[in-house]
Amino acid sequence: MGQTMLTVALPIALAWMMYCVGLTLSVADFKRVGRYPMAVLAGLSAQLIGLPLIALALIQILGLPEVVAVGLWLLALAPGGASSNVITHLCGGNTALSISMTAVSSLIIPFSLPLLLPVVLSESQLVLPLKTAILQLVMVTLVPVSIGMLCHHLGRGKRFETFAKWAGRSSIWVLMFTVAITLAANTKVFQQLFSSASIVAIALCLLGMALGVIVARLLKGGEQLTKTLAIEVGIQNAGTAIFVAVVQLKQPELALTPLLYGVLMNIPVAVMIYRHQRGRLRALFAREPN
């Protein structure tokens, strides 16, 4: 039963999350990339190059156990999906830019992730046929995104708008579901490696956010751009990393770091959302007449 949940429920959960991404995308989002060329290019560079370099530095400097190191590497290769778009919106960031970055990274992940896995994985662990890995990732990422975009294009009326909003909110709960079932299948490993895995998981999140802030400052962007790049670079798609570890590599223990990340990333996210919402309330009360 537990194995069925991991090999069947996880791909379905990830496909649903990517479908939710597609519901927020349109062809215009890809065209919009041209409106933010430097921001998109710099953000994607930090996300797809900078964050993996941070992960490699953590692995080398801290001398992490192999199971934790591989999990961290998987996480670093899985840019944020629907969750980062929702978080960006709740934090008052540039949602259009966030969606545009997600649109581009969604096209890259199925190819970049399998190709870069060997950088950290030893030959004994790497039992992953490249063509099969790419095909599987295409089926659980690109195909659901494309279907979601088609629904977004054809969907009309209040019922569809209500469904799209519900789907967007549900993606975060689905991520929590993937974390929960993977954790349930790896309780012993979780207890043994909780300390080092949890430290590097939150470290990757915070360092990624810091990198996003630095990039935004170099671009001389305002608070909105700073929030957007902090979230896009710092918030990774734990669901994709867990899927690769459990379903493709068939080594559930490698999902330890991603599943911890899926829980711990909510701490800085909650702080950012709280600060933004508190600021909105203060501005609202300030405008009210005495």
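The values are calculated or read from the model by the stated rules, or taken from the named source; none is laboratory data. Computed from a predicted model, the values in this text were never measured in an experiment. Positions of Cβ are backbone-derived with ideal geometry, glycine not excepted, and every protein chain shown enters the neighbour counts. For the accessible areas, the whole protein counts, side chains as well, though only heavy atoms, and no ligand, DNA or RNA atoms are used. Shrake-Rupley method; radii C 1.70, N 1.55, O 1.52, S 1.80 Å.
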**Request:** Can you give me the number of residues within the stretch 238-256 that are closer than 14 Å to Thr102 by Cα and open to solvent by 10 Å² or more (accessible area, probe 1.4 Å)?
**Result:** 0
**Asked** Which one of these does Ser84 not meet: (1) part of a helix (DSSP H, G or I); (2) of a type in the set (Gly, Ala, Ser); (3) open to solvent by 10 Å² or more (accessible area, probe 1.4 Å)?
**Response** (3)
**Message:** When the residues of the stretch 218-237 are narrowed to those that are part of a helix (DSSP H, G or I) and touching a Leu at 6+ places or on another chain (Cβ under 9 Å), which ends up most open to solvent (accessible area, probe 1.4 Å)?
**Reply:** Gln224
**Message:** So for the stretch 202-216 (the condition being open to solvent by 10 Å² or more (accessible area, probe 1.4 Å) and modelled with pLDDT under 85), does at least one residue qualify?
**Reply:** no
**Request:** Could you identify the single residue in Leu281, Leu254 that is out of contact with any Ser or Thr (no Cβ under 9 Å at 6 or more places or on another chain), over 20 Å from Val174 (Cβ atoms) and at pLDDT 80 or above?
**Result:** Leu254
**Prompt:** Just for the stretch 26-68: of the residues that are outside any helix (DSSP H, G or I) and in contact (Cβ under 8 Å) with a residue 60 or more places away in the chain, which one is surrounded by the most Cβ atoms within 10 Å (Cβ to Cβ)?
**Reply:** Leu64
**Asked** What pairs come up if the first residue lies in the stretch 152-178 and is at pLDDT 75 or above, the second is open to solvent by less than 50 Å² (accessible area, probe 1.4 Å), and their beta carbons are under 6 Å apart, counting only those six or more places apart or on different chains?
**Response** His152/Leu23; His152/Ser26; Ala164/Leu23; Ala167/Cys20; Ala167/Leu23
